[in-house]
1. Quick one: how many lysine pairs in the chain have C-alpha atoms under 21 angstrom apart, if they're 8 or more apart or on different chains?
2. Cα centroids of the range 57-86 and the range 431-469: how far apart, whole angstrom?
3. With every protein chain present, what is the per residue accessible area of the range 470-628 (1.4 Å probe, Å²)?
4. In the chain, carbon and sulfur make up what percent of the accessible area (probe 1.4 Å)?
5. Figure the gain on full extension for R623 and D89 (residue separation times 0.36 nm, minus the Cα-Cα span) and round it to one decimal in nm.
6. Mind ordering 163-175, 357-369, 60-72 by average Cβ neighbours within 10 Å, highest first?
7. Can you give the calculated 222 nm mean residue ellipticity of the chain, where each DSSP H run of n ≥ 4 adds -39,500 (n - 2.57) and the sum is split over every residue, rounded to the nearest 500 deg cm²/dmol?
8. Which whole-Hz couplings ³J(HN,Hα) result when phi for each residue of the range 240-257 is put into the Karplus expression 6.51 cos²θ - 1.76 cosθ + 1.60, θ = phi - 60°, listed in order with x for Gly and Pro?
Amino acid sequence: MSSPTGTPDGAVVPDGGTVVFDLAAECTVDDLEEGALYHATVNGTVEYGVFVDLSEEVSGLVHDSNLVGTYEVGDDLVVELGEIRPDGDLSFEEVQIADYEERHVAHGDARDVAALADATGETVVVEGQVVQIKQTGGPTIFQVRDTTGVVPCAVFEEAGVRAHPDVEIDDVVRASGRAEERDGGVQVELDSLSVLDGAEADAIRADIEDATAAAARPADVEPLVEWPAFEKLWDDLREVATELRRTVLEGRPIRMRHHADGDGLCASVPLQVALENFIASHYTDEDAPDHLLKRLPSKAPYYEMEDVTRDLNFALEDRTRHGQKLPLVLMLDNGSTEEDTPAYRNLRHYDIPVVVVDHHHPDPEAVEPFLEHHVNPYLHDEDYRITTGMLCVELARMIDPDLSDDLRHVPAVAGLSDRSEGEAMGDYVDLAREQGYSEGDLRDIGEALDYATHWLRYSSGEQLITDVLNVDCDDRERHERVVEFLATRAERDVTDQLDAAMSHVEHERLDNGAHLYRIDVENHAHRFTYPAPGKTTGEIHDRKVAETGDPVITIGYGPDFAVLRSDGVRLDIPRMVTELTEEVDGGGVSGGGHLVVGSIKFVSGMRDAVIDALVEKMAEAERDDALGSSTALPEEI
C-alpha cells in the first residue's frame, strides 16, 4: 500500500483506535497491504463463502470458515486481507468492529508536488489543502497545496458544471490521477478526489503549516549599502517579506497599488518580479503568477475611491468566477494618510488585509487600525529621503535574493527620480556605476519612466516598463535604445512646455526671505500632454532654484488644485493641509505629501481664499537650508 494509505502497522490509529480503509474505484492489488482492514461489498455467494469487491479492480474470497455473519449480494462488511497469493488470488477474513477511523485510499504512488515534473504520464496521489477552485467552461480546476508546492488538479463532470461540489477551499483532500504536462507546467487529471478529516487531516494541515512557516521566512540578505537611517526599517521590511511570501503560499492573490511615478515604479517593478519568481517556484501552473499578482498604478497620491471600487469589483468577481480568495492589497509609495482611510474602510467590509510601504508623511493614528503592516521612515524618526523604491528593492531581495545583481542600480534611479538628498545617495550612485550606469544614465531612466507612465495612464505597461528600468529585461541594448528615445522625447516636451510657461510665472519675496513663484498651469501651459501640471511645476521650480541659489517655493495651480514644491523652507505640507481644512470654511481642502513636496485639492470657487491662506503659512514657515526637493548631487563629470 502506498504511503497515503498507511501500512499494516498503520492500521492502528495513534490514539489506540483502528483504521478501516476504503479503496477508490481505480485501486488495484498494488494499493493493498496484507493485514490491513478494508470495506468490502458482496458480489456473489457460494456454498463455501462469499466473493467481495474492494474496488472495481480488486475482488476476492471470504471463505465460509472466516465469515461471522450471513450475507447476500450487495451487503457491506469489513474484511482483513489475509494473503496475496503468488497467483494473484486474495483471501480475506471478516472482522466485526464497532469503532474505527475510515481512511480513503487513492490509486497511485504518493508524490510531493515538487516531484510531479518527474512523474508525467504516471498515476499519482497528492495529499494537500485546496487553495483555489476554478470553474472553467470545461473542467473544474482544484489548486491543491502540499508541503512542497501547489498543483492544479482537473476533473471534468460536464461542460461548465462544477465537479465535486462538496469540496471547498481550505479542505484537506486526497487527489489521485494522472500527472500530465500542460502549457509548460504539470497538471493532475483526476480519477478521484476525497475530503479528509479527523486526525489524518489535522496531521496534513500541521505539516503544511510547518512547511509554510519555513518557506515564508525571508532570505537572509545584507543591505546593498550601509546606512544607519535605513537599518531602522530592516525588521519592518522582514515582517512584510514574510507576510507576502506566506500570502503567495496560501494561494491568496495580491493587488499591488503603487504611485505612478519614478519612485513608485522603482518600488513596484522589482517587487513584482520577485513575487512572480517566488510564485513560479511553488506553483506547477505556469499561469499562476498572472492569476495571483496584479500591479496597478495609481495617479493620485492616495487610495482613491475609484481605485478601491475597481479593486473590490475585480476581487469579488474573481472569487465568484474563479474561486479565488479575496486579495491582499499592497500599497507602495502611497497609502499612509488619512485620505486613504475611506478606501480602507471599504476594504474592511470584506476583511481584505492591507500592507503599506511608503515614505510620505503619515497619519499613523488614522491608517494603522486598518493595516496589517505599515513601513514608513517617519515612524522611525526618519523622512522621505529614504524612498519607497529603496525600501522595496531590499524587500524584493528578501523575497528572491537571486535578483540582487539585477537591482543594484534601481535605488539610485528611485532616489534621483524622487529627488532624495539622503546621506546614502552617493553610495547608491556608486553602486549603479559599478553596474555600468553613469549618473546621466540613471536620470534618463527616471525621465523615461515618467514619460512612459504619463502616456500609459492607468495601464501597468508590463514589458515596456521592465525594459526601461532594466529589471527582468533580456536585452540591455534594447533597454538603452528605449531609454534614449523616451528620455529625448521627454526633454523635448519639457522644453516646449517651459518655453510656453516661464513668461507667465509670477514672483514675490516672502517675509522669511524665500522666493515664491506661482504659475497658472491651467491657462499658461500646454494641457493634455507631457509634462502634466505636477511635472511642469517641478521643472519650473528646479530652474528657479538653479537661478537664485536661495530658498524657493513654487506653486503650480489650476481651477481646483495646486502642486507645491519647496527648497530651503520647512513647509510641512501635510500639517498645512490639515490646518487649511479647518480654517478655510467651505474650501473643501484635501491633499498631502512630504514636508517639501505635495499637492492639494479644493473647491474651485474658493481657490483664491485657499491659495492666499496657503501663502500666509508659507511666509511664516521656518527656513532650513538642509531641506530640498531638488537633487543636490553634482552633475556627472
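The values are calculated or read from the model by the stated rules, or taken from the named source; none is laboratory data. Since the structure is predicted, the reported quantities are computational estimates derived from the model, not experimental observations. Cβ atoms come from the backbone with ideal geometry, glycine included; neighbour counts cover every protein chain shown. When the accessible area is computed, the model is the full protein with side chains, heavy atoms only, and any ligands, DNA or RNA have been set aside. Shrake-Rupley method; radii C 1.70, N 1.55, O 1.52, S 1.80 Å.
1. The number of close lysine pairs in the chain is 9.
2. 73
3. I get 46 Å² per residue for the range 470-628.
4. The C+S portion of the solvent-accessible surface of the chain is 44 percent.
5. 182.7 nm
6. Ranking the peptides 163-175, 357-369, 60-72 by packing returns 357-369, 163-175, 60-72.
7. -11000 deg cm²/dmol
8. Each residue of the range 240-257 in turn: 5, 4, 4, 4, 5, 5, 5, 4, 4, 4, 8, x, 8, x, 10, 9, 9, 9 Hz.
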